[in-house]
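Only one structure is covered here, and it is reproduced in the block below.
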Amino acid sequence: MKIVYWNRSKKKQPLSGFKRYEEELYKKMQEIAPSFDIQRIQRSDNLIFGSIFFSFLFKYTTKNADIVHATYQTLAPIVYLRKPKKFILTVLDLIPIVYPEVRTDKIQWIFSRYALKRSDKIIAISFFTKNEIIRLCGIDEKKIEVIYLGVDHTRYFPKDRSFCKKQLGLDENDKHILIVSSNLPHKRMDIAKKVFNKVREEYPNVKLLKVGYGDILAGDGIINLGLINEEDMPSIYNASDIYLHTSEYEGFGLPVLEAMACGIPVIVTNCASLPEIVGDCGHLIDLADPNFIDNFSNAILLVLREGNTKKVVERSKLFTWEKTAMQTLHSYQKVIK
């Protein structure tokens, strides 16, 4: 079987959630299916040749593959230009449809929404995302298969917290709450800031570590770390006492899973896909409750006082990149039949 991946990422761009998925899927598929001819097409790092327009016209080809798998939803319109034998599309989220103010490629998204129907199989990364595809795009649910993302447990695992705090130059006597997030509207950094300020009323030595995309969250006690290389992320997770995730919309929520793999207590909203990841191993806060700020802060204070009794590491082991690749391979085999 010949498989060609259409990847959205550029070769040298910083690692993000979707690029991690593309890298891990390609690598693991080669490991579990060594007899297959597996190739990938990535965008050039050149500003012009790596543009979406140029890549659509000239870069993304089928190479006469048995299956073409586009690993990001906005690549779907390429099927209007190319005619793959079998076309599989991964949908990570539908955030630009739900939050149109964040769109940077409006025309591409309009075409993507309709091009989904041209696929032979759609892979959704959570049941929440599957339901959103059905709700917003009118796709037959029989065409959609849920395959979760994974985590590299050889990289993300529990380490000594005091050592990691020292390694990062953090005060061992302080408590640290970690957020890995952009400042986009659906991430609800407004909630994070209110919760943090409320917790500090009782724990003045609490610090908030903010990682992600270079977006700054201003305020006393907030340490903005910016965009961090992946090799440093396990130490940052392990230096933290709590992982906080205030997002109201997620296709999956990879940082939550990475924190769990490191054994860090997670306190998240009960929105979107997050309950699918956390299960009963974390604190789920209902944003529909008018007291949700108090509920967030009380959950944090409880963990700071009593520590973590949730089996987050065991739960995280349900999610592996090997499982992601194996289930994706089964999807290929069903499409080819």
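Read the figures in this text as sums done on the coordinates, not as results from a lab. What you see is a predicted model, and the numbers here were worked out from it, not measured in a lab. Note: ideal-geometry Cβ built from the backbone for every residue, glycine included; neighbour counts use all protein chains shown.
So who's got an amide H within less than 5 Å of the one on L209, skipping anything under 5 residues away but keeping other chains? H placed 1.01 Å off N, in plane.
Amide H neighbours of L209: I177, L178, I179, I223.
Report, in deg cm²/dmol and to the nearest 500, the calculated mean residue ellipticity at 222 nm for the chain, where each DSSP H run with n ≥ 4 adds -39500 (n - 2.57) and the sum is divided by the residue count.
Taking each H run of at least 4 residues, the total per residue is -10000 deg cm²/dmol.
Along the Cα-to-C-beta direction of L227, a point sits 7 Å from the Cα; which residues of the stretch 1-40 have their amide N less than 20 Å from that point?
7-24
Helix 292-306: angle to the longest alpha-carbon principal axis of the chain, degrees 0 to 90, nearest 10?
70 degrees
Please give the helix 106-115 orientation as an angle from the longest Cα principal axis of the chain, in degrees from 0 to 90, rounded to the nearest 10.
60 degrees
Working from Cα positions, state the angle (0 to 90°, nearest 10) between the long axis of helix 189-200 and the longest principal axis of the chain.
Its long axis makes an angle of about 20 degrees.
May I ask you to derive the FRET efficiency for N46 and Y213 from their Cβ-Cβ distance with R0 = 22 Å, giving the value to the nearest 0.05?
0.45
Could you list the chymotrypsin sites (Phe, Trp or Tyr not before Pro) in the stretch 12-60 that lie in coil according to DSSP, counting only those with at most 12 other Cβ atoms within 10 Å of their Cβ?
Sites meeting the loop and neighbour criteria: F49.
Collect residues whose amide H, placed 1.01 Å from N in the peptide plane, falls under 5 Å from the amide H of V146; neighbours closer than 5 in sequence don't count.
A124
Across the stretch 42-53, in residue order, what do the Karplus-derived ³J(HN,Hα) couplings come to in whole Hz, using 6.51 cos²θ - 1.76 cosθ + 1.60 with θ = phi - 60° and x for Gly and Pro?
Those phi angles translate into 10, 6, 5, 6, 5, 4, 7, 5, x, 5, 4, 4 Hz.
By how many nm would the segment from N183 to A288 grow when fully extended, if each residue of separation counts as 0.36 nm and the alpha-carbon distance is taken off?
35.7 nm
For the stretch 1-77, which trypsin sites (Lys or Arg not before Pro) are both in a DSSP coil and crowded by at most 16 other Cβ atoms within 10 Å?
Those satisfying the criteria are K11, K12, K63.
In Å and whole numbers, how far do the C-alpha atoms of the chain stretch along each principal axis, longest first?
62, 39, 39
Could you go through the stretch 133-142 in sequence order and give the Karplus-derived ³J(HN,Hα) for each residue, using 6.51 cos²θ - 1.76 cosθ + 1.60 with θ = phi - 60°, rounded to whole Hz, and x for Gly and Pro?
Residue by residue, the stretch 133-142 yields 4, 5, 5, 8, 10, x, 8, 4, 4, 5 Hz.
Mind checking the full-extension length gain between Y114 and L301? Use 0.36 nm per residue of separation minus the Cα-Cα distance, one decimal, nm.
Extra length from Y114 to L301 when fully extended: 62.6 nm.
How high is the relative contact order of the stretch 161-316, in percent, with contacts defined as C-alpha pairs under 8 Å that are six or more residues apart?
23 percent
Work the Kirkwood hydrodynamic radius out for the stretch 161-316: mean of 1/r over every pair of different alpha-carbon atoms, inverted, in Å.
Roughly 15.3 Å, rounded to one decimal.
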